[in-house]
Amino acid sequence: MIDFYYAPTPNGWKVAIMLAECDLEHTTHLMRLSQGDQFTESFLAISPNARMPAIVDHAPGAGWGDAPVPVFESAAILFYLAAKTGRFMPPPQDKRAMKELDEWLFWQTGNQGPMAGQLSHFRNYAPEADRAYGLRRYAGEYDRNLGVLENRLDGRSYILGDDYSIADMQAFPWVFIAKPLGASLDAFPRVADWRARIKTRPAVRRAIDLFKGDQNRGQHRADNNDVLFNQTAASLRPRAQD
């Protein structure tokens, strides 16, 4: 059994997709991010960065010992689950393919994800008077990363080639919401086709619909919620669990 700590955001969708694709038994715990669930002592013990998604695997298998295994950060969770199930990753003995998997997971973690997240912040949650420069910068970076992905998909159906993998699950959610971010895929036909292929997968649809009604659709913003936004190191002081 896996405990899955989740909120309906692009980062949450990544792990929700993998759990659905592998049909892994799990319990989903909805995180009330606007109320500070991510800062409780119990959650910080699982995710020291006070971010979801995170999991706790209560049956990790051979070699992990008897204690449950907590995993935080979406790429680390995807890699852990792929290794656990033997699915959606290259054979470990294929060193070149595994090297490419690492590269594209790190690309998404260090480039596409943060740039898209900042674009979302300045477009949807930042105070109107403070948006202009951040919106221009991150719209440009989001566009640049679409170009990186467009180039990579030349002659490939998926990021690693012919086979759908955790690299695709990691990158897909931030492309799925391109339109709400104010971006167009018209100049990126390979990305648009890749997005369409992944979007039709039943597991992906189930993941995107998970707690869909609890999405933050702009009601919690930087100017009205200091729990979700405007955080500092002081935010990491553990709170009591409700």
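The values are calculated or read from the model by the stated rules, or taken from the named source; none is laboratory data. Keep in mind it's a predicted model, so treat the numbers as computed, not measured. No Cβ is skipped: glycine too gets one built from the backbone with ideal geometry, and neighbour counts run over all protein chains shown.
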Close pairs (6 angstrom Cβ cut-off, 6 or more residues apart or separate chains): more than 20 Å from residue 165 (Cα to Cα) in the stretch 1-28, at pLDDT below 95 and buried (at least 17 other Cβ atoms within 10 Å of the Cβ) anywhere: 7/33
Residue match in the stretch 96-113 (condition: closer than 24 Å to residue 43 by Cβ, of a type in the set (Val, Ile, Thr) and in contact with a Pro (Cβ under 7 Å, 6 or more places away or on another chain)): no
Out of 82, 129, 67, 97, sole residue that is at pLDDT below 95 and more than 13 Å from the chain's Cα centre (by Cα): 129
Filter result (touching an Asp or Glu at 6+ places or on another chain (Cβ under 8 Å), more than 19 Å from residue 147 (Cα to Cα) and surrounded by fewer than 18 Cβ atoms within 10 Å (Cβ to Cβ)) within the stretch 87-110: 87
Set 119, 105: member being within 16 Å of residue 73 (Cα to Cα) and outside the structural domain of residue 221 (by TED's automatic domain parsing): 105
Hits in the stretch 120-174 (condition: surrounded by 15 or more Cβ atoms within 10 Å (Cβ to Cβ) and in contact with an Asp or Glu (Cβ under 7 Å, 6 or more places away or on another chain)): 158, 159, 160
Filter result for residue 206 (assigned to a helix (DSSP H, G or I), closer than 30 Å to residue 23 by Cβ and at pLDDT 95 or above): yes
